[in-house]
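The values are calculated or read from the model by the stated rules, or taken from the named source; none is laboratory data. Nothing here was measured: the structure is a model prediction, and the numbers come from that model. Glycine gets a Cβ as well: all are built from the backbone with ideal geometry, and neighbour counts include every protein chain shown. With ligands, DNA and RNA removed, areas are computed over all heavy atoms of the protein, side chains included. Shrake-Rupley method; radii C 1.70, N 1.55, O 1.52, S 1.80 Å.
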Amino acid sequence: MRNISILLSFFLLITSCGVKQTQKMVASGDYDNAIENAVSSLRNNKERKGKQEYIYLLEDAFAKAKERDLRSIDLLIKDANPSNLEKVFNTYLQLNNRQEKIRPLLPLTLLKEGRTATFTFDNYSDEIISSKNALSKYLYSNTKALLATNNKMNIRRAYDDLIYLESINPNFKDVHKLMEEAKNKGIDYVTVYSKNETNMIIPMRLENDLLDFSTYGLNDKWTVYHINKQKGINYDYGIVLNFRQLSISPEQIKEKEFNKEKQIKIGQKKLLDTRGNVVKDSEGNPIMVDDFKTVKISVYEFRQFKSAQVVAKVDYIDLKSNQLLQTFPISSEFIFENVYANYKGDKLACEQEYYPNFDKRAVVFPTNEQMIMDTSEDLKTKLKAIITQNKIRK
């Protein structure tokens with residue numbers, strides 16, 4: 001019995017919180033969220049006495065929301081500004097959708113007053129169709145005007161408006177054709193190429209690898225990158241990878257000798273006192289201790305080293321005005337290193353982590369071209385990051 005009382009108290013607390021929240025929404029003019037709360041609560045057990053307050057709130061919020069929307073429509077129509085047509089259309093949809101949200105719950109009875117809650121529903125079909133047609137005509141004529149300009153941002157706006165027009169009024173006139181036109185006109189075409197400002201020959205493989213934009217995945221809805229210019233396309237922007245400096249160090253072999261020693265455990269031995277006698281425990285047994293010996297090693301280490309550095313910059317150019325828009329530095333370094341060693345003495349005197357060096361031998365140094373090529377993956381990652389984070393148009 002006690003558990004039932006606890007559950008009932010918890011349910012009443014939850015219901016009370018929901019009612020208070022809905023009351024606040026109505027008081028603040030947030031009618032549609034208040035209606036959503038009330039409808040959600042009344043979908044189950046709407047006849048329960050504890051749901052009565054929600055019916056009052058729903059009745060009040062619906063009447064006030066309807067009155068507000070009709071006043072708003074009246075003002076928008078009187079203003080006679082065609083840019084208001086979308087707001088008028090959406091408000092009529094909102095009026096209709098609000099009714100359809102409540103309709104399945106009806107009738108709703110107010111027990112204290114012995115009456116049915118009042119919801120005055122209207123048929124907005126004519127208004128919805130009329131406002132939709134007016135909005136469609138406006139969007140159509142406005143997008144055609146935007147498409148007649150050379151401003152790509154206007155053209156992209158026209159494309160978005162045509163997408164919206166297609167969603168509310170499918171197959172309206174030649175909207176599909178206009179969408180295709182807007183898509184083609186709104187694209188920024190970007191040519192990507194490289195320049196060599198160093199006094200060295202850059203491997204063709206490096207340039208081709210860095211400019212292989214098919215591996216970058218950078219093309220998007222409004223930007224297309226070409227590394228080879230195509231006929232019939234007027235390019236809007238250029239991205240230039242300017243190689244400024246190529247540095248390759250000489251091949252180096254550094255030698256180093258070092259000695260190490262360590263005590264290692266070789267077993268156990270009997271503990272002796274200062275006189276050389278065996279020390280025994282209380283039972284007469286000799287006490288055993290770890291036996292260590294000192295091992296030594298002389299290591300002859302050889303370190304092969306060679307490095308390559310590529311320094312460049314990425315320039316964004318407006319090809320219409322031939323102006324430099326932005327510049328970003330970019331560089332990469334690749335280091336070749338091989339360490340191998342010989343030794344005399346006991347290898348155990350060295351740390352185990354060093355052992356692999358004893359198994360290595362000298363290797364052939366990579367060529368200068370290979371060293372430069374080895375910077376390509378790092379350069380590609382950095383170049384992609386620059387272009388991804390710095391779009392042609394924000």
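Within the range 11-21, is even one residue closer than 20 Å to PHE62 by Cα, in contact with a Leu (Cβ under 7 Å, 6 or more places away or on another chain) and at pLDDT 95 or above? Break it down stepwise before answering.
Within the range 11-21, the subset closer than 20 Å to PHE62 by Cα is 18-21.
Cutting the leftovers down to in contact with a Leu (Cβ under 7 Å, 6 or more places away or on another chain) gives us none.
No: zero hits.
Please go through the range 31-79 and pick out each residue that is assigned to a loop (DSSP other than H, G, I, E, B) and open to solvent by 70 Å² or more (accessible area, probe 1.4 Å). It would help to see each step written out before you state the result.
Residues of the range 31-79 that are assigned to a loop (DSSP other than H, G, I, E, B), as a first pass: 43-48.
The answer is ARG43, ASN44, ASN45, GLU47, ARG48.
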For the range 110-213, list the helices (runs of 4 or more DSSP H) that sit wholly inside it and hold at least 1 residues that are among the β-branched types (Val, Ile, Thr) and open to solvent by 60 Å² or more (accessible area, probe 1.4 Å); which are they? 125-147, 152-168
Would a scan of the range 274-285 turn up a residue that is touching a residue at least 24 places away in the same chain (Cβ under 8 Å) and either over 30 Å from ALA385 (Cα atoms) or crowded, with 16+ Cβ neighbours inside 10 Å (or both)? no
Within the range 214-251, how many residues turn out to be open to solvent by 40 Å² or more (accessible area, probe 1.4 Å) and acidic (Asp, Glu)? 2
Could you say whether any residue in the range 248-256 is small (Gly, Ala, Ser) and over 30 Å from ILE335 (Cβ atoms)? no
Being surrounded by 11 or more Cβ atoms within 10 Å (Cβ to Cβ) and either touching a helix residue (DSSP H, G or I) at 6+ places or on another chain (Cβ under 6 Å) or modelled with pLDDT of 95 or more (or both) narrows LYS306, LYS254 down to just LYS306
Checked the range 363-394 for anything aliphatic (A, V, I, L, M) and open to solvent by less than 60 Å² (accessible area, probe 1.4 Å); matches are MET371, ILE372, MET373, LEU379, LEU383, ALA385, ILE386, ILE387, ILE392
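Between TYR340, TYR316, which is under 33 Å from the mean Cα position of the chain (by Cα), modelled with pLDDT of 95 or more and not charged (D, E, K, R)?
Details: TYR340 fails: under 33 Å from the mean Cα position of the chain (by Cα).
Exactly one of TYR340, TYR316 is under 33 Å from the mean Cα position of the chain (by Cα), modelled with pLDDT of 95 or more and not charged (D, E, K, R), namely TYR316.
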Determine the pairs where a residue that is under 18 Å from TYR56 (Cβ atoms), located within the range 110-134, has a partner that is assigned to a loop (DSSP other than H, G, I, E, B) and open to solvent by 80 Å² or more (accessible area, probe 1.4 Å) with Cβ atoms under 7 Å apart, the partner being 6 or more residues away or on another chain. THR116/PRO107
